[in-house]
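The values are calculated or read from the model by the stated rules, or taken from the named source; none is laboratory data. Source: prediction; values computed, not measured. Glycine also receives a Cβ, built like all others from the backbone with ideal geometry; neighbour counts cover every protein chain displayed. Surface accessibility is based on the protein's heavy atoms, side chains included, excluding ligands, DNA and RNA. Shrake-Rupley method; radii C 1.70, N 1.55, O 1.52, S 1.80 Å.
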Amino acid sequence: MTLTAKSADLRANIAKALCLITEKKRTIDWILTHHPDWTAQPIQRELLYGCARHYLEVQSTIDPLLKKPLRDKDQDLYHLLIVGAYQLLYLNIPQHAVINETVNATKKLHKPWARGLVNGVLRTVSRNNAQPKLEEPYFGHPPWLAKQIQQTYKNSANDILVANTKRAPMTLRVNQTKISVCDYQTLLNHNKINHQIGALPQSIILDQPMHSQELPGWHEGWVAVQDLGAQFAAILLDQHTNEPNRILDACAAPGGKLSHLLELKQNIIQSQPTNVTAIDHSPARISQTQQILARLGHDLALRSGDATDLTWWDGKPYSAILLDAPCSGTGTIRRHPDIKMLLNAKSIDELQELQLKMLNNLWQTLAPQGTLLYCTCSLLDAENDGVISEFLTQHGDASYTSIELPTGSKRKHGWQLLPTDPHTDGFYFALVHKKGGLER
Ligand SMILES: C[S@@+](CC[C@H](N)C(=O)[O-])C[C@H]1O[C@@H](n2cnc3c(N)ncnc32)[C@H](O)[C@@H]1O
């Protein structure tokens, strides 16, 4: 990895980004959007994602080397030490270059007085020949989170915790309304992009991640980037929708599952119009989704709506509802390692409350004999079977339908995919059926 004249700048900016995560609770996605100059180059993203992925391990290396914790106003320096130590521990960059450039970055942070401190700590890390520490029992996770995963998954918990520190594969969904999978594969082969077919017919897993805009046919909307686990949602919903279709996607942005569903419906039932309503409560995410749908060739206007109330509802019941609820994202820690820095145990209780509130509210809009697909990208029982179990005890007209997918494992009410399963993030799905009306 080559170092440029701007190396010190680059490290100072990553230190500032880490401060925004820890102090202002910003996400990496927010930083990518709001500080594109901090994250434009591959080395910048490597540093940002890498420091987040191994934050707790790097902390446990440098904290014992500090005589006392740095002051609140010097957290930028503390994070500069994290950036320096991360490189020494995990990257193959000459050690003297790492130390020099990280020391020079103190000037970029307007704290040249800290040169000696940064130099001393990093030289000690380097001299100790420290190895990255991915240690039991928490494997670089906050203890409360590791414990919740261990309680839920018992024997496989350690494998899941280790898998969370790895990188996720890049998976594509071929837009079969525009091109066949076979033709798209030919295109990939022509461009020397090595890949394999995933567990679902429209899914393709790339050997190496790449910039999505450089994919063949990206601008023509021939393909979307979507985790394999996420691709099961539209398939499950499609299989369990009664005719005539009147479908609600209640948390639709950024439209991954929605666009897949529209593709399935367009492929299968040209004659039977599908009526899809899609809402989300974030205006910014709605406008982003509109652009994504347009690229993929789907003509659907999302509506602004809050899934915890009914102000947006026209009063006509839906035959199927997708509730892809806001959740901890703990199934996607490989892609969003900042989750380990941002999440706390209290936020799980708040999310569970919101998830139940949404379910209770949306249930009123589901027709008898209708199906609701509840899904999260969480590994935690509290947000998954825990929510469905509570919901079923509250609603006598609700029953769950068993799910079986080619990968993952059965939970009491739903189905769980794990980051240890082949090519998937962690996802949870539960199908809830509404009794009543004319039984078939
Ligand atoms: C997990 S994401 C949905 C991902 C989307 N289904 C997809 O496949 O691309 C959750 C979404 O819920 C939205 N959301 C959060 N609270 C909401 C609420 N009260 N009502 C409606 N949408 C909400 C968020 O803006 C976010 O876009």
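General observations
- Some residue of segment 256-274 being of a type in the set (Ser, Thr, Tyr) and either part of a helix (DSSP H, G or I) or within 15 Å of the ligand (Cβ to nearest atom) (or both): yes
- When Ile339, Ile388 are checked against the criterion of being closer than 21 Å to Leu56 by Cα, among the β-branched types (Val, Ile, Thr) and in the same structural domain as Asp280 (by TED's automatic domain parsing), a single residue qualifies: Ile339.
- Complete set of residues in segment 225-246 that are within 21 Å of Gly297 (Cα to Cα), more than 9 Å from the ligand (Cβ to nearest atom) and surrounded by fewer than 23 Cβ atoms within 10 Å (Cβ to Cβ): Val225, Ile235, Asp238, Asn245, Arg246
- Residue within segment 398-414 that is under 30 Å from Lys25 (Cα atoms) and either modelled with pLDDT under 95 or in contact with a Phe, Trp or Tyr (Cβ under 8 Å, 6 or more places away or on another chain) (or both) present: no
- Residue in segment 317-324 that is without any contact (Cβ under 8 Å) to a residue 24 or more places away in the chain and either touching a Lys or Arg at 6+ places or on another chain (Cβ under 9 Å) or more than 30 Å from Glu23 (Cβ to Cβ) (or both) present: no
- Residue match in segment 314-326 (condition: closer than 30 Å to Gly140 by Cα, at pLDDT 95 or above and not aliphatic (A, V, I, L, M)): yes
- Residue within segment 81-102 that is modelled with pLDDT of 95 or more, under 17 Å from Met341 (Cβ atoms) and small (Gly, Ala, Ser) present: yes
- Just one of (1) out of contact with any strand residue (DSSP E or B) (no Cβ under 7 Å at 6 or more places or on another chain); (2) part of a loop (DSSP other than H, G, I, E, B) fails for Asp238. It is (2).
- Members of segment 369-398 that are acidic (Asp, Glu) and over 16 Å from Ala325 (Cβ atoms): Asp397
- Members of segment 186-200 found to be in a loop (DSSP other than H, G, I, E, B) and open to solvent by 90 Å² or more (accessible area, probe 1.4 Å), listed by number: Lys192, Asn194
- Any hit, segment 341-353, residues being surrounded by 20 or more Cβ atoms within 10 Å (Cβ to Cβ) and more than 16 Å from the ligand (Cβ to nearest atom): no
- Search result, residues across segment 355-379 that are open to solvent by 10 Å² or more (accessible area, probe 1.4 Å), within 14 Å of the ligand (Cβ to nearest atom) and not hydrophobic (A, V, I, L, M, F, W, C): Lys357, Asn360, Asn361
- Subset of segment 329-340 [crowded, with 23+ Cβ neighbours inside 10 Å and small (Gly, Ala, Ser)]: Gly331
- Every residue from segment 136-170 that is assigned to a helix (DSSP H, G or I), polar (S, T, N, Q) and open to solvent by less than 40 Å² (accessible area, probe 1.4 Å): Thr152
- Residues in segment 304-340 that are near the ligand (Cβ under 10 Å from one of its atoms) and among the charged types (D, E, K, R): Asp306, Asp309, Asp324.
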